[in-house]
Each structure stands twice: as C-alpha cells, then as structure tokens.
Amino acid sequence: DISRTAERTGSRVYLIGGIVRDLFLERPNDDIDIVVEGQGIDFAGHLQADYGGTVKMHETFGTATWIHPSGLYIDVTSARLEYYDRPASLPDVELSTLSEDLYRRDFTINSMALCLNPEVFGDLVDPFNGQADLRSKTIKVLHNLSFIDDPTRILRAVRFETRFDFLMDKQTESLALNSMARMKDLSAHRIVEEMKRLFKDENPPGTIKRLFKLRFWQQFGVDDGNAEQSYIHAGQLKTFYEIHKPPAGRKARWFNYFAIPFFTSRKMHLMHQFSLTKRNHKFLQDLRSLSDIQGVEQVRQPGAFHRFLKHYDDEAIIFMIAKENMENEDVITTYLKRRVDMPVFLTGEDLIQEGMKPGPHFRGILLDLEVSVLNGEINSTDEALDWLH
Ligand code: CTP
C-alpha cells in the first residue's frame, strides 16, 4: 500500500530504524516507522485517502500516525523542515536528509533504511554498515558522543544485547562505562521507562548482571559485592513463576527485578525515587515489613501462612520466598491460589446472629475461621457454624 501511494504521489519513502533491523533478523515487530521525503506528513493523509483508516497528526513533532484499517500503526516522519526550502537538486537533498535522520540514531543496526518506492523497492541505505554488525552480532554506536547525547542509550544497548544475544564492541562498551555516571542526571521517569522495557524482555537475571558490570547499579548506591546475590535472587524469582504458576501472573513484574539489587544491598530507601505508582509503593512497603517476619520457613499448612501474610500482595510474598529458595514453596503457592477465591462462610453479622457480643475478638475468630478454610478443614457454612459452637 505504502509503495503504491509513494509512486502515485512521487515521494521517496523509506522504512527506517528498528523495523528494518527486525526484518533482517526475521523477528516480528509491529512498530512500523517510515520516513517520507519531499512532502512530509501529508503522506499520511494520502495513505488514508488511498486505503482508509485514520490519521493522527502530532504537529509539534512534525510526525503523523496512520492507523491502517487492519489496526496496524504506521508512524510517518517527514524530512526535516529546513530542507524544504532548498533548491531542488532532489536526489542529493533526499540522500542528505535521510543520512541526517540516520546519523541521529543510536546504533548501527538501528540506522538502516529500506526504500519502498516500486522502482527501487528494497534498496538498502546503510551508511554505517549496520548489515555487517547484524551479522557479527555487534552493538556499535555511530559516534563517540552518542551516550553523552543520551545516556538511556546504554540501557537500550543492554536490552538489544540480551534480546538478540549480541554484544557491544570494545569501543562502545568503554564509552558506556565512561558515560554511566551521567545516568544520575536523568529524571526518574526516563530511567523507569527504560527499566520497564529492559525487565519485560527475555533475561532479567542476565540483565541485572550486565548492569552491574557496566556500573549502573553502582551509580545509585548499590555496591559491586551485591552482584552475585542479586543474580541468584532474580534467577530464583523467574523460576518460581515458571514452576509454580502463581495467581499473580505468568512472570514477575519488571519492578520486582528492578528492586532486587536495592533489596540485596539493604538499600531499599534509595529506590523510592523510582516508585512512581501506588502499586509500586505498596510493593516496597510490603517488602520492608515482610523482611521482619520470622518463622515462615517452618510453616507446613496453607492456612498457617495466612496468619503471617494476610495483608501482603502476592508479588511481595513471592519475591521474599524466591530470595530464600524455601522448601515449602509448594505450600505457599497453594495458599496463594486458595486465598484468591476463599469463600466467606461467616461474617461479623453472623456472629452477632449467633448471640455473640461484638468486639475486637471477632477479628481473631474470623481469622481462625479463614485459616481453617484455607487448610481445607471447613467447606460450608454449616461446618463453620459447627466449628463456632
Ligand atoms: N532511537 C535512538 N535513540 C534513542 C531511542 C531511539 O536513536 N534513545 C532510534 C533508534 O534508531 C530506534 C528508533 O529510534 O531504532 C525507534 O526507537 P524505539 O521504537 O524505541 O526502538 P526500537 O529500535 O524499535 O526497539 P523496540 O523493538 O524495543 O521497540
């Protein structure tokens, strides 16, 4: 579709960035970015006129998104404005604007473009030899100031390393190490955005380890000595979810992994700056008070956990268990599964109905009842009433 519209409107159109990389790697990618030279974001309008769908303009950025009728998002960027007024030796201008766009990017493997115009369909523009780096599985910056321009690129490099099983070349790695101190200049929000993407990717324990090597955690007050223990904890956390399939979800949440080095080094207070949501606050709070709980290792019945853990969220409980690699993991998982839909056989109202005088002791009675229910000892209101009397 894009190709035909390019021909009809006489614009040069390129597929650019991550999507080109992923095409060569034969990996799925729904983020389609195209760069249009000549008439810029009007092109999104032409696509809509030709094939339907909807267009969203992002005026301030000079970009637009065409939402294809199938629901696919295609981001359209125009060649930069200052080039519009230049005299029309078109091919030169085109190439230079495209190069300009490519030169602003992070790594050679992300700085390739594929032409979509029918007569030259599939022609590759690859000024930094990203093809060769794809083949040799190398992450390489385009110039020495890349990480100074944008320190989040170091985190992107690590993400691509783990995701594709690539490595930074020596030069890039040493630039990363040298620029790491700049990470502290970023807003917590930007770091959090990158952490989300990093720890949603494939190998969180490996990522933690790599970030120790590159001295990321060290910028935020975590010492080298915590690397091994953090790696082990992350591995156990990942395995716990895979083996026990708790109700909390299929995978540990990114924030759990992010917390591990701070937790290991007993510096959770340093992590608060990154806790930007209620859920994350609760998680940190849970961890803090769970650290003080003693005796959970000895528990052998699901209900007994309830006495310790009633008020804690699943993810915090699992985080703590994974740290210890405890023998009673199975029992805990049973507890977490049962408590999700624990039936309520009696309430405070029922106790009053039964002639009991209301008071704080109700709480204890109802907790005892819950414990028995979770142990599978009480399975109906009648049994609960029997138990009460
Ligand atoms: N980019 C960059 N510097 C950044 C962020 C992005 O140069 N700090 C460039 C890269 O060339 C990248 C493109 O912008 O290919 C699009 O960025 P993004 O969508 O974040 O990354 P992808 O490479 O598509 O990675 P992912 O598959 O994880 O989305």
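Give, as residue ranges, the helices (runs of 4 or more DSSP H) completely inside the stretch 1-73 that count at least 1 residues that are away from the ligand (no atom under 13 Å from the Cβ) and on the phi < 0 side of the Ramachandran plot.
Helices (runs of 4 or more DSSP H) meeting the threshold: 2-9, 42-51.
Which residues, counting only those in the stretch 287-307, are crowded, with 16+ Cβ neighbours inside 10 Å and farther than 21 Å from Gly235 by Cα?
Within the stretch 287-307, Val296, Val299, Gln301, Pro302, Gly303, Ala304, Phe305, His306 qualify.
Between a residue in the stretch 198-219 that is among the small types (Gly, Ala, Ser) and any residue that is part of a helix (DSSP H, G or I), which pairs come within a Cβ distance under 6 Å, given they are 6 or more apart or on different chains?
Going by the 6 Å Cβ cut-off, the qualifying pairs are Gly206/Thr162.
Could you please give the count of residues in the stretch 25-64 that are within 24 Å of the chain's Cα centre (by Cα) and surrounded by fewer than 19 Cβ atoms within 10 Å (Cβ to Cβ)?
Of the residues in that region, 7 qualify.
Just to verify a result, which residue in the stretch 193-229, among those that are more than 17 Å from Lys267 (Cβ to Cβ) and assigned to a loop (DSSP other than H, G, I, E, B), is farthest from the chain's Cα centre (by Cα)?
Taking the candidates together, the pick is Leu214.
Consider the stretch 129-161. How many of its residues are within 11 Å of the ligand (Cβ to nearest atom) and not aliphatic (A, V, I, L, M)?
Summing the residues that are within 11 Å of the ligand (Cβ to nearest atom) and not aliphatic (A, V, I, L, M) in the stretch 129-161 gives 11.
Go through (1) surrounded by fewer than 19 Cβ atoms within 10 Å (Cβ to Cβ); (2) out of contact with any Ser or Thr (no Cβ under 9 Å at 6 or more places or on another chain) for Asp350 and report which single condition fails.
Here Asp350 clears every test but (2).
Which residue pairs have Cβ atoms under 7 Å apart, sit 6 or more places apart or on different chains, and have a first residue in the stretch 231-257 that is free of Cβ contacts under 8 Å to residues at least 60 places away in the same chain and at positive phi and a second that is surrounded by fewer than 19 Cβ atoms within 10 Å (Cβ to Cβ) and part of a loop (DSSP other than H, G, I, E, B)?
Once the first residue is free of Cβ contacts under 8 Å to residues at least 60 places away in the same chain and at positive phi and sits in the stretch 231-257, no partner that is surrounded by fewer than 19 Cβ atoms within 10 Å (Cβ to Cβ) and part of a loop (DSSP other than H, G, I, E, B) comes close enough.
What pairs come up if the first residue lies in the stretch 117-132 and is within 20 Å of Leu25 (Cβ to Cβ) and at pLDDT below 90, the second is crowded, with 18+ Cβ neighbours inside 10 Å and not charged (D, E, K, R), and their beta carbons are under 8 Å apart, counting only those six or more places apart or on different chains?
none
Please go through the stretch 103-117 and pick out each residue that is within 8 Å of the ligand (Cβ to nearest atom) and of a type outside the set (Gly, Ala, Ser).
Arg104, Arg105, Asp106, Phe107, Asn110
Quick one: in the stretch 238-257, which of the residues that are buried (at least 19 other Cβ atoms within 10 Å of the Cβ) and in contact with a Phe, Trp or Tyr (Cβ under 6 Å, 6 or more places away or on another chain) is nearest to Asn226 (Cα to Cα)?
The qualifying residue nearest to Asn226 (Cα to Cα) is Tyr257.
The values are calculated or read from the model by the stated rules, or taken from the named source; none is laboratory data. Predicted model only: the values in this text are computed from it and were never measured. A quick note on method: Cβ atoms are made from the backbone with ideal geometry, for glycine too, and the neighbour counts reach across all protein chains shown.
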